1. If you stretched the chain out fully between residue 122 and residue 69, how much longer would it get, using 0.36 nm times the residue separation minus the C-alpha to C-alpha distance?
2. Starting from 0.36 nm per residue, how many nanometres of slack lie between residue 133 and residue 1 once their C-alpha separation is accounted for?
């Protein structure tokens, strides 16, 4: 069997913006630097389920949907030039700061090509979808692991396990330090 020529030109790094997420980010940045690859930072937005339950008694769901649409429109003013997604400006700013701060702490140059993407939905589904949309050659993601018996035995978390099973591109799973 002839081995394929491996070229890594674009890396997808999904993050939940947690402090420990920077641990996996170090791997994504290092691989991007070594390969001269573009880095796509992805944050999957939840549907604000907790927030929705808190506002349920104050406004109806149609009004809440209108507010979310307005937040998305406002985010586009802030995130000019990016592909249209439902996002909010605070998360976009957090992602940009996350990238800048972490790269600075790692002593890597900040000038590598980076794209920041925010999408709503199921984390595993969105990660797989965005890897295809952006033509990524590799997904680098962190995991805490240990949810189901299979996941405990494999050391891979629920989202990471789903991505590994369904992705058509290679997935590098970085075990994150234990939460404190």
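1. Separation in residues times 0.36 nm, less the Cα-Cα distance, equals 17.2 nm.
2. 44.5 nm
All of the numbers you see were taken from the coordinates with simple rules; none came from a lab. No experiment lies behind these values; they were computed from the predicted model shown.
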